[in-house]
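See structure below.
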Amino acid sequence: MFSHVVIFWTHADQPKAADELVEGMNTYLKPIPGVIQFHVGRMVPSPRPVVEQSYQVALNLVFPDKKAQDDYQIHPLHIEFVEKVFKRVCAKVVVYDFA
């Protein structure tokens, strides 16, 4: 298994950015083949100080192996998502990959 976790911070001056990001992920990323598990969601507030709460949206993908994730990265739908949605609404992103 290969996990790909992406944390997104949207532009503060775009109040609908998080909604557009989630919609874009469901439209462009969810149909890409090779993904075993697809989960996108908004940050959930927590009273625990150890919980990171400065981001707006997170994406958690599970692939059978690293090659499937590599193929996902160059898929035309992923590239279209980056160009049409990500670059327009995101201020920062952090990626955690682990196997």
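Taking the criterion of being under 18 Å from residue 9 (Cα atoms) and within 13 Å of the chain's Cα centre (by Cα), the residues of segment 30-50 that qualify are 39, 40, 41, 42, 43. On inspection, residue 45 qualifies as farther than 21 Å from residue 1 by Cα and surrounded by fewer than 16 Cβ atoms within 10 Å (Cβ to Cβ).
Inside the chain, counting only helices (runs of 4 or more DSSP H) that do not spill past its ends, which hold 2 or more residues that are at pLDDT below 95 and out of contact with any strand residue (DSSP E or B) (no Cβ under 8 Å at 6 or more places or on another chain)? Working first, answer last.
On the way: elements: 17-24, 66-73, 76-81.
In the chain, no matching helices (runs of 4 or more DSSP H) lie anywhere.
Scan segment 51-68 residue by residue and report those that are more than 13 Å from the chain's Cα centre (by Cα) and either closer than 11 Å to residue 33 by Cα or not hydroxyl-bearing (Ser, Thr, Tyr) (or both).
So in segment 51-68, the residues more than 13 Å from the chain's Cα centre (by Cα) come out as 51-54, 63-68.
51, 52, 53, 63, 64, 65, 66, 67, 68, listed by residue number.
I'm checking my understanding of the structure. Among residues of segment 1-27 that are over 14 Å from residue 41 (Cβ atoms) and aliphatic (A, V, I, L, M), which one is surrounded by the most Cβ atoms within 10 Å (Cβ to Cβ)? Only one residue tops the list, namely 17. So which residues in segment 80-99 are under 23 Å from residue 66 (Cα atoms) and surrounded by 13 or more Cβ atoms within 10 Å (Cβ to Cβ), if there are any at all? Within segment 80-99, 80, 81, 82, 86, 93, 97 qualify.
The values are calculated or read from the model by the stated rules, or taken from the named source; none is laboratory data. These figures come from a predicted structure and were not determined experimentally. Heads up, the Cβs are rebuilt from the backbone with ideal geometry, glycines too, and the neighbour counts pull from every protein chain shown.
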